[in-house]
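Readers should treat all values here as calculations from the given coordinates under stated rules, not as data from a laboratory. Since we're looking at a predicted model, the values are computed, not measured. Note that we place each Cβ from the backbone using ideal geometry, even for glycine, and neighbour counts take in every protein chain shown.
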Amino acid sequence: MTARACIVGIGETRYARDKAWAPTTLALNLEASVRALEDAGLRAHDVDGLMPFPGLSCAEEIAANLGIAELAFASTVHMGGASPVASLLHAALAVTSGVAKYVLLPSGWAGYSGARARQTVATEVGSLPGGAIARDYYIPYGLTAPPQWYALLARRHMAEYGTRPEQLGAIAVAMRRHAQANANAVMRGRGMTLEDYLASPMIADPYRLLDCCLETDGGAAVVVTSEERARDLARRPVHVLAVAAGQPHPADEIVSRKDLFRIGLTSAAPRAFAQAGVRPSDADFAEIYDCFTFEVLQQIEEAGFCKRGEGGSFVEGGRIELGGELPINTHGGLLSEAHVVGMNHVVEAVRQLRGEAGERQVPDAQLGVVTGFGDFGDGSIAILGRS
Amino acid sequence: MSARPLPQLAGLAKEFYGFCKARELRFQRCTDCSAWRHVPRERCGECGSAAFRWERSSGRGRVYTWVVANRSMHPGFPSDPPVAPVVVEMDEGVRLLSELVECPPGELSIGMPVEVVYDDVTGDVTLPKFRRLA
C-alpha cells in the first residue's frame with residue numbers, strides 16, 4: 001500500500017461474565033460501533049463501509065439498526081479469529097482505493113450468556129471452513145473442538161522442541177498480570193501464579209484450563225479511513241503501516257500438513273514486515289491472538305520474533321510482560337481480558353499507540369504488531385504506527 | 001449419553017468408508033505424480049490431477065501426536081473415560097486422525113508402532129482404528 005489507511009475510532013463495551021447482564025450479540029456489536037463512531041467524531045450516516053465478523057452479525061442488521069442508509073462496501077472475511085485483522089486489510093484497500101470513505105468493523109458476542117463457544121463449534125461445524133472434513137474424519141473420533149485441534153500441535157511441538165508446560169504457563173501468567181492493570185478485564189482482581197496454572201485441571205491434555213481463553217460477553221469495533229480524511233478528525237490517527245493475511249496448506253484440514261507448524265502467519269508476517277520496512281525486533285509491543293497459550297508461542301515463532309523451536313525460552317523470564325523486551329497482550333488478551341474475537345487486540349494496540357493505555361502504557365510506544373489466528377490456522381497481521 | 005456422531009456416507013467419504021467396511025484401508029494415490037493423499041480429495045494437492053486410484057495401505061504406521069479430550073465438548077463423547085484422538089502417520093506417508101483400541105491415553109507415546117483394525121460402529125459405518133504393535 002502506498003497510500004495509507006488509518007484507524008481513527010475505537011469502541012468497546014463492558015467486558016463481563018455476569019448473568020444479570022445477558023446482552024445479545026447484536027446489542028454488543030451495536031454498542032461497540034456507536035462508541036467507535038463517537039470516538040472518531042463521526043455520525044452513523046458518515047459510514048459507507050461495513051465489515052462485520054463472520055457468523056456473529058451481518059452488515060444488513062448493523063446498517064438497519066444504526067441508520068446507515070447508503071453502503072458502498074459491505075463484506076465479511078471468513079477466517080475465524082483471524083478475521084478482524086484480515087478485515088483491516090480489506091478496509092484499508094477500500095479506503096485507499098476510494099471505494100469507501102469510512103469503514104466500520106464491528107465485532108463481539110455474548111460468548112458467556114449466549115451459546116458458549118465450546119457448544120457451538122461441534123454442532124455448527126458445517127459453517128466452518130473444512131466443516132465437512134471435520135464431520136467425516138475428525139468428529140467421529142471425538143476431535144470436536146478448537147482446544148483439541150490445537151493441542152495436537154502443542155504436543156508435537158513439545159516432542160520436537162522440548163517445549164514445556166511451564167513455558168505455556170508463563171504466557172498465561174503474563175496475560176493475567178497485564179489484566180490487573182486493566183479496569184475492563186474480566187480477570188482483574190484474580191491473580192494467577194505458575195503454581196495455579198500447573199494445578200488447573202486438564203481440559204484437552206496437554207492443555208489445562210488456564211491454557212484456554214475466556215468465555216465472556218463483550219463487543220469491540222474500530223473505524224478505518226484514509227490518511228487524508230484522518231487529518232480532519234478528532235483523534236490522533238494510528239497508521240496501518242502494513243497488513244497481510246495468509247493460510248496454511250491445506251487450510252481446511254490440519255493433520256495431513258507436511259509441515260504441521262506452518263500456519264497462515266508463516267507467509268503473511270514476512271510480507272507485512274517487508275511492506276512496512278521494519279523488523280519484528282522493531283516492535284514496541286505485540287497483541288497476539290491468544291485463543292490458547294500454545295498458539296501465542298507458535299505465532300511468536302512464525303511471525304519471526306524468534307526462530308521456530310525457541311518460543312518456549314522466548315516467553316520465559318518476563319520478556320513478554322510489561323517492562324520486558326516485547327510486552328505481549330498488554331490488555332490481558334483473550335486469556336484474561338475477554339474473548340472479543342481479537343478485535344480487543346486491535347483496540348488495545350490503538351490505545352497504546354495513542355498513549356492512552358494508562359497504568360499499562362508501554363513507554364513511548366511507536367510501533368505495534370497485532371495478529372489474528374482462526375479456524376484451522378488462518379493468520380493475519382497488522383503493523384501499526386503512531387502518527 | 002447421545003450416540004457418537006458418524007461420518008456422512010456420501011461422495012468420496014462413502015468410498016473411503018466403504019473400503020473400511022470390506023476390511024481394507026485404502027488411500028487415494030495420484031495416477032499422474034504418484035502422491036498419496038488423505039483426506040480424500042477430488043484432485044491431487046501436489047499436481048492438480050483428477051486421476052487417482054484407491055490404493056491399498058500397508059495398514060501400519062506410527063503415532064504422530066494425540067490429545068486427550070478430558071473435558072467433553074460434545075454430548076456423544078463422555079469425559080470419563082475420555083477419548084484420545086490420535087494422529088497416525090502411515091508408512092505411505094499420509095496421516096489420519098483416528099484412535100487406538102486397548103491402549104489407555106497414559107500409555108500413548110510418539111513413534112509408537114500401530115496397525116489398523118476395523119470397528120463396525122453401526123451396520124453401515126466401519127471406522128478404521130489402530131492397535132499397538134508388539
Exposure proxy ranking, count of Cβ atoms within 10 Å, fewest first, for B:C33, A:C212, B:C103: B:C33, B:C103, A:C212
Within straight-line cross-link reach of A:K19, aspartates and glutamates at Cα separation under 19 Å, skipping those fewer than 8 residues along the same chain: A:E31, A:E215, A:D217, A:E337
Residue (of A:V243, A:L384, A:S113) at the positive-pole extreme of chain A, dipole from beta-carbon charges: A:L384
Principal-axis tilt of helix A:25-40 within chain A, Cα atoms, nearest 10 degrees: 50
Candidates per trypsin sites (Lys or Arg not before Pro) in region A:170-208, loop by DSSP, up to 13 other Cβ within 10 Å: A:R190
Value at 222 nm in deg cm²/dmol, rounded to 500, when DSSP H runs of n ≥ 4 in chain B each add -39,500 (n - 2.57): -2500 deg cm²/dmol
Amide H contacts under 5 Å for A:G111, placed H, 5+ residues apart: A:T216, A:D217, A:G218
For A:A365, residues with placed amide H under 5 Å, excluding near neighbours: none
Cβ-based net charge around A:P237, under 12 Å, with every Lys or Arg adding one and every Asp or Glu removing one: +3
Cα shape, chain A, gyration tensor, a/c 1.5 rule: rounded
0 to 90° range, to nearest 10: angle between helix A:293-302 axis and chain A longest Cα axis: 70
Residue among A:A357, A:A72, A:A110 with the largest mean-square fluctuation in a Gaussian network model of chain A, springs linking Cα atoms under 10 Å: A:A72
Helix-only CD estimate at 222 nm, as mean residue ellipticity for chain A, using -39500 (n - 2.57) per DSSP H run (n ≥ 4): -10000 deg cm²/dmol
Efficiency of FRET between B:Y118 and A:L209 - r from beta-carbon atoms, R0 35 angstrom, step 0.05: 0.45
At R0 = 56 Å, FRET efficiency that the Cβ-Cβ distance of A:H249 and A:A20 yields, to 0.05: 0.75
Assigned charges on the beta-carbon of Lys, Arg, Asp, Glu; region A:1-97 dipole about Cα centre (debye): 300
In sequence order, calculated HN-Hα J values of region A:346-356 (Karplus, 6.51, -1.76, 1.60; Hz; x Gly/Pro): 5, 4, 5, 4, 5, 4, 4, 6, 7, x, 10
Which of A:P363, A:V315, A:L326, positive extreme of dipole for region A:293-382 (C-beta unit charges): A:P363
Cα lying deepest toward the dipole's positive end in region B:11-132, options B:W66, B:F27, B:L97, charges on Cβ: B:F27
Total formal charge among the other residues, if their Cβ is under 13 angstrom from that of A:Q352, Lys/Arg +1 and Asp/Glu -1: -1
Cross-link partners of B:K14 among lysines (Cα-Cα below 28 Å; sequence separation of 8 or more within a chain): A:K258, B:K129
Rounded, prolate or oblate (a/c below 1.5 giving rounded, otherwise prolate when a/b exceeds b/c) for region B:11-132 by Cα gyration tensor: prolate
Assigned charges on the beta-carbon of Lys, Arg, Asp, Glu; region B:93-134 dipole about Cα centre (debye): 220
Ranking of A:C58, B:C47 by count of other Cβ atoms within 10 Å, fewest first: B:C47, A:C58
For residues of A:144-157, the mean tally of beta carbons on other chains within 10 Å: 5
Nearest 10 degrees, 0 to 90: helix B:11-21 Cα axis against chain B principal axis: 60
Free-standing Cys residues across chain B, given no other cysteine C-beta under 4.7 angstrom: B:C20, B:C103
Candidates A:G342, A:G264, A:G162, ranked by Gaussian network fluctuation over chain A, Cα under 10 Å, top entry: A:G162
Residue of B:G93, B:G59, B:G48 that the Gaussian network model of chain B assigns the largest fluctuation, springs spanning Cα pairs under 10 Å: B:G48
Virtual spin-label span in nm between A:A183 and A:E61, 7 Å along Cα→Cβ: 3.1
From phi via Karplus (6.51, -1.76, 1.60), per-residue ³J(HN,Hα) for region A:69-82 in Hz, x at Gly/Pro: 7, 10, 9, 8, 8, 9, 7, 9, 8, 9, 9, x, x, 7
Order of B:S2, A:S256 under a 10 Å beta carbon neighbour criterion, fewest first: B:S2, A:S256
In region B:38-86, the GluC sites (Glu not before Pro) that fall in loop regions by DSSP, at most 10 other Cβ within 10 Å: B:E42
Magnitude of the charge dipole, chain A, Cβ model with Lys/Arg +1 and Asp/Glu -1, debye to 20: 240
Overall form of region A:146-264 per C-alpha gyration tensor (a/c, 1.5; a/b vs b/c): oblate
